[in-house]
Amino acid sequence: MAQPNHPRATSNTNPPPTSNHKKTASEAARDHEAKVFQLFKHCGFPKINIHKQHGGSKYDEDGDGTFETIDLGGDLEKQRPKHRPRPKSLVAKGRRVVSSAAWWKAEYWYACVCVATLVLLCMVLKKYDNQVVPELGGGIQMDTLIIAMVSVIRITMKAIVGAALSQAAWVWLSEKQQQKCKHPAYLRDFSIFNGASNGIWASLCLLWRMKFRHRIGCIGAALVILSQGFETFSQQMVTFEQQPQAVFTTESSPAPPPPRSEIWDTYLAQGFTGGYVPALSTKAAVYSGIISNEIPMTLAPCETGNCTWPLVPTLAACGECNSVPVKFKCNETSRMCTYRTESGTSLEDTMDVYDHSSFLVSPTNGTLHKIDSPSRAYFSVFNMLSVNRPTGQPLQLSGQECALWFCLRTYKISVAAGKQTQDIIGDWSNTTLRHGNGFRGSEYIFTNIPKQLNVVNTTRYSVTHEAMLALRTFMAGVTSGTLKAEVGGLYYSSDWVEAMWNASDSSAEWIKNLAHSLTVEIRHHGKTNSGQSSVRYNGAAMRMEPVIKVQ
């Protein structure tokens, strides 16, 4: 049942607002003015004069309550405080006010990382300059480490410059900066600043646009350009050169002393006859030296392919051939001529046969080289006599005296990239024949050896009398024989004589080759009596390794 309306309640109670209630224009104006007043009071303006246009408020004639304009007065700018005071409520409520320095916190970290990496890079380059590239753990190479540090420097620098250019763009567009530098600013300048942090061309455009009126922007653009150059320079900052480096091992020397000899005492006793003969290897060396044109060099062992040794002295064989005069006498009755050298070597040949050659090899006591000289250890002296009668040409005579002897020779030996060279520093041939006693047999001893041959003073270089006798006997047999060359053929007493006849026109090279062959034999089968030789003449082995070169 509906209750009756109470007249008293109806008169004292306002009707509830409905959605259709609409403020009047004057009410809307007053509410708007109050809001503006509270806003400017909150912003710190102590006095605000709100004036209505045309002496009052101007509203829409249709009564929709729209407030059109408010004149805030010309004194507003003068009354605005220069610094807005911090509201106490912010501190009272415990709200943290962030400092402007915190805006650059990330850039500060980038700068620290950049500087630390740069210092570390300089320390690494200083430490390893002219040093062998070290072996880093984990399979990391030295060039990889350098590239990584350069990349860190470049990336952090780019991050710092990019942030600085972004901030510089806002500063450039600010009214204060425009008034200070008296320049116009356009929105398209943002694109120039943005591109300057990524490339050289945009950085150059920024420098041209700023014309050095904006220091931060110009410095940032210059750093971008320099960073690009730094990236290019970093590729040439360090080079790696292959250089020989010494190798040290504890087990064995990678460059032991080359084959060398201090005593020649190699011979064999000839049964019950009491004679002496050379060893088979010595005979082979003589045969090879006479016949062969090339004798292999005695190679020093080098494990790494790059080695050097100190000057290495050793016993060796020296030799030379010298021309000697030839005299002849012919008998018209027998039609024979006799050819003779001063040492007594003689050859008989017919006077009537042409296109005919005769050749004679004979051991001799020597005129230029006395085989029994105590001051030089000769083991062979022989003459080579040649008579040639070509048709229609005058008689051709040739006489030579050749000698072989023991000498002391010093080599400079080195191996580079697997190729070995042995240069002769000097030879020494002065000896003294010391007769034997109850403790030692007779021997030729080298005396007054020069210091430049790098010989230890206490080392004894010598050749025993028995070994010398064995070699002299054998060489006397080899250097004896004849050869005749005629139209019908070639007749010779031994292959060694034929080889000597073939080499008679170049006897200097031939005798040198024979001496070299015997030197190889002496170095390989001679003896050493100096305990210092195993240490003194050790070489230094080197291996080609990359070395860091800082430009």
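Figures for the structure shown
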| item | result |
| --- | --- |
| Förster radius 51 Å - calculated FRET efficiency between residue 395 and residue 451 (Cβ-Cβ, nearest 0.05) | 0.50 |
| Label-zone membership for the range 393-434, site residue 279, 7 angstrom Cα→C-beta point, backbone N under 18 Å | 406-407 |
| Förster-model FRET efficiency, 30 Å R0, residue 416 and residue 125, C-beta, rounded to 0.05 | 0.50 |
| Exposure rank, largest accessible area first [262, 27; 1.4 Å] | 27, 262 |
| Fraction in percent of alpha-carbon pairs per bin - 10 Å, the range 408-551 | 8, 25, 28, 20, 12, 5, 2, 0 |
| Other-chain or far-sequence residues with amide H under 5 Å of residue 245's (modelled H) | 543, 544, 545 |
| For the range 311-324, Karplus couplings with θ = phi - 60° (6.51, -1.76, 1.60), whole Hz, Gly/Pro x | 4, 10, x, 7, 5, 8, 10, 10, x, 7, 10, 10, 6, 10 |
| Gain in span if fully extended, residue 480 to residue 237, counting 0.36 nm per residue against the direct Cα distance | 80.2 nm |
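The values are calculated or read from the model by the stated rules, or taken from the named source; none is laboratory data. Since the model is a prediction, treat every value here as computed from it, not as a measurement. For neighbour counting, all protein chains shown are included, and Cβ atoms are generated from backbone atoms with ideal geometry for every residue, glycine included. We work out accessible area using only protein heavy atoms, side chains counted, and drop any ligands, DNA or RNA first. Shrake-Rupley method; radii C 1.70, N 1.55, O 1.52, S 1.80 Å.
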